[in-house]
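Please treat every number below as a calculation from the coordinates, not as lab data. The structure displayed is predicted, hence computed values, not measured ones. Cβ coordinates were reconstructed from backbone atoms using ideal geometry, including for glycine residues, and neighbour counts include every protein chain displayed.
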Amino acid sequence: MEEILNNPYVVPLIFTLLIIALFPLMAGYIVLIERKVLADLQVRLGPMRVGPYGLLQPLADAFKLMLKEDIIPAGADKALFWLAPVVSTFTALSAFAVLPLSDVFYIADVNIGVLFILAVSSIGVLGAILGGWASNSKYSLMGSLRSAAQMVSYEVPLGFALVTALMVAGTLSMQGIVYAQLERGMWGAFENFGLMIVPTVVFLIASVAETARAPFDLPEAESELVAGFHTEYSGFRFALFFLAEYASIFVISGIAVTVFFGGWLRPFPNVEWLAMPLNVAFPLLLFIGIGAGCVYLLRGLILPEQRAVLAGVAGLCFLLGAAFAVPMVNEKIIGLLWFVLKVGVLVYLFIWYRGTFPRLRYDQLMDFGWKWLIPISIGALIVNAVALLVLR
Amino acid sequence: MADTISTAPLPQTDETFLDANEMVLNMGPQHPSTHGVLRVILKLDGEKVLGTECVIGYLHRGVEKIAENRTYQQFGPYVDRMDYVAAVSNGLGYCLAIEKLLDVEIPARAQAVRVALTELNRIASHLLWLGTHALDIGAITPVFLCFREREIILQIFEKYCGARLTTHAFRIGGLQYETYDVFEKDCIDFCDVMLGKIDEYEELLTTNRIWVGRTKGIGILNAADCKDYGVTGPVLRAAGVEWDLRRAQPYSGYENYEFDIPTRETGDTYDRYVVRMEEMRQSVRIIRQAVSDLPSGPIKGKVGKVIKPPPGEAYVSIEAPKGELGYYVVSDGSLNAYRLRVRPPSFVNLGALDKMCRGSLVADVVAIIGTIDIVLGEVDR
């Protein structure tokens, strides 16, 4: 047993399988959260029918998409049409390979982690381009052209912002960046006498454009291009694009968290007396609070099946809370909790933008990218470099 | 379809080193933002619009012909189905036209209730416009907020006449129903709520940089163009022409109410947005005045059970939410109209689409279709 676990391939393989198996489910729940949050912003309830308070909606959606007819439009380039969603999903998921979800839960800690992510996400654009091109539809074509231009443009400020952060952290390894922040006792966003806040903001803006989310959702601008590059996709292929979109949201938020917001570290990682309240009391209260909330909501349900599901969720929350009370387990999973919570905050931001902002126009988007973000990010790079050299 | 694009000279495009091919893009009739079944054929150079052509008629029901085969009362409900978003205004215009033929006096109470309901409907129509317009530009939240307030209006309609959308609220000669017990209170309550809500929408959009960027300078139609194309309503007022039929040729007692006619100068999409928002506030003002002292008395003038206007013709136009809505009725003295012609504001305003779109981008076309505020039921009739 010991021998198997010590094999350098076994643990990463298990983690890989775990991510591939669990991420689709998680993406489904991110979608559910998005729908619920949007609904709340828009004075609606959101999904309420499948499961208690719509909790089983993602499963229903997944089954629906799998059972739908798979349509390949006449005149489409079949091979490319098949390839496009695969490329999108593959690249989005492979970025997880170097994303440290916690100090123990990561697949690989390569010394070029950031470069790998940038490279892989650049290939991800190909999925959109191929999909739009292969569909043999003008709307798809325009959507894919837009996404090509947009993602390529916004990769530049994104890259500059990352380079600035790498310069300050002094390493390209994703785990290394987290440990550098631990060592300095400061999140990347506030490093360098507060100068790092500029690249952080640039990164957050550019990441919205990079994932083609509102208000930069031009490649799939519904009111203009119907659905952009995936207009002609249906069924499971559409589900793959969907999965890729949410995977890239998660990944890009994960990068932001790792590089700028301390990764899987708890807030104030070097303040000893905060370890107890933040690492034990907080998760305990959080999960027991959610569990108690579920129990409270049980009163509103009549159907026994729905009550059973919600009771199960409550039980799960209590169980998780209990798990955090055990020191052995706690130290293994506390990093993951903080990471997911931080990513959750950023994902919430993504949803919030979507509920608030109108969409930019194509030329305005390009103006904003090239005339504002890129100069600002280059300026921030230079200023940070000088500050690093002179002041530190 | 390329040869159906109008042959009028196109504005010079940018000098580029590429010999770009023109692309013809068919938008609609099945498209998320053509507000029903409008079909627009776009001639594009990249994303730049070189010309547009509207294809309409997918919702044509021959309403004007139906009018010749129905009695005057029977035709009443049909007008609601033209601009179904502002059914009350349609009904008012039709009733006024027939009443002019009949030369009948409408009791003051009926007039005041008509004004209140019509203005409520104007707000409902503008709310739907605001929601869908914002949705077209990518703001997905205002539409739900607008529908929340529109619901209150529809509930008032439902309480008054049983229907929410195609109300058929008015009858020739006055009203069919007396107002319900708390009608005045409902209206005043709504007015109190509505003013705050308009501020809420404005908070979301008016100073939003993206919104301003997407609407300022887009789809400009100046006063001279408006006159050339016969464009009326908020689009005309946004171009700086203070022309509102409620003031210019008052009907149904509008001369008794105090209200302002909001105007702007440039006539771009943003100005039209501002004008419509202000119009909602003015409508609230009118509703308050109308219901605060509803005159008592009969609700129907001296109209017989059988409506048989003397031979002759009449044209009556009113200020519908979308512009001048005119009814031209020719009577030969029988039970049916000899000819009935509707001047629909949506149809006439849509004519200016090509003028407004040329030289802009695809995304602007969607914004411009939204800002004209068309209802295809009325365009196609």
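If you stretched the chain out fully between A:Glu183 and A:Phe268, how much longer would it get, using 0.36 nm times the residue separation minus the C-alpha to C-alpha distance? Working shown, then result.
Working: separation 85, 0.36 × 85 = 30.60 nm, distance 1.13 nm.
Using 0.36 nm per residue and subtracting the Cα-Cα distance, I get 29.5 nm.
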Checklist entry - Under 12 Å from a point 7 Å along the Cα-to-Cβ line of B:Val306: which residues of segment B:332-368 have their amide N that close? => result B:334-336
Next on the checklist: Can you compute the modelled spin-label distance between B:Ala108 and B:Arg148, with each label point 7 Å from Cα toward Cβ, in nm?
Outcome noted: 4.0
Checklist outcome for this item: Straight-line reach check, B:Lys302, cutoff 15 Å on alpha carbons, 8 or more apart in-chain or any other chain, hits among aspartates and glutamates -> B:Glu99, B:Asp103, B:Glu105
Checklist entry - Roughly how many Å is it from the Cα centre of segment A:147-196 to that of segment A:318-351, as a whole number? => result 23
Next on the checklist: Using a 10 Å cut-off around each Cβ, can you sort A:Met167, A:Met142 from fewest to most neighbouring Cβ atoms?
Outcome noted: A:Met167, A:Met142
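FRET efficiency for A:Leu389 and A:Val152, Cβ-Cβ distance as r, R0 = 30 Å, nearest 0.05?
On the way: r = 31 Å, r/R0 = 1.04.
Working from the Cβ atoms, E equals 0.45.
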Item to check | Cα gyration tensor shape of segment A:1-112, rounded if a/c is under 1.5, else prolate or oblate by comparing a/b with b/c | outcome: oblate
Checklist entry - What nm distance separates the two modelled labels at B:Glu258 and A:Val280, each placed 7 Å from Cα along Cα→Cβ? => result 7.1
Next on the checklist: Under a crude label model (7 Å from the Cα following the beta-carbon direction), how far is B:Asn222 from B:Gln155 in nanometres?
Outcome noted: 4.8
Checklist entry - For segment B:106-150, list residues with backbone N below 18 Å from a point placed 7 Å from the Cα of B:Glu200 toward its Cβ? => result B:123-135, B:139-150
Checklist entry - Counting other Cβ atoms within 10 Å, which GluC sites (Glu not before Pro) in segment B:111-205 have at most 14 and lie in a DSSP loop? => result B:Glu178
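Taking the beta-carbon count within 10 Å as an exposure proxy, list A:Ser153, A:Ser248, A:Ser144 from fewest neighbours to most. The partial results should precede the final answer.
Details: A:Ser153 20, A:Ser248 24, A:Ser144 28.
If I rank by nearby Cβ atoms, fewest first, I get A:Ser153, A:Ser248, A:Ser144.
Give the order of B:Tyr94, A:Tyr53, A:Tyr29 when sorted by the count of other beta carbons within 10 angstrom, beginning with the fewest. If you can, show how the numbers build up before the last one.
Numbers: B:Tyr94 27, A:Tyr53 22, A:Tyr29 15.
Ordered by Cβ neighbours within 10 Å, fewest first: A:Tyr29, A:Tyr53, B:Tyr94.
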Checklist entry - Straight-line reach from A:Lys332: which aspartates and glutamates have a Cα under 13 Å away, not including same-chain ones fewer than 8 places off? => result A:Asp103
Next on the checklist: Mean Kyte-Doolittle hydropathy of -1.0 or higher plus an axial Cα length of 30 Å or more: which whole DSSP H helices in chain A meet both?
Outcome noted: A:10-41, A:113-134, A:138-169, A:235-260, A:304-325, A:327-356
Next on the checklist: Compute the distance from the alpha-carbon center of segment B:31-52 to that of segment B:181-226, in whole Å.
Outcome noted: 26
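Of B:Lys159/B:Lys322; A:Lys138/B:Lys48; B:Lys43/B:Lys322; B:Lys43/B:Lys216; B:Lys100/B:Lys300, which sit over 18 Å apart, Cα to Cα?
In this structure, B:Lys159/B:Lys322; B:Lys43/B:Lys322; B:Lys43/B:Lys216 lie more than 18 Å apart at Cα.
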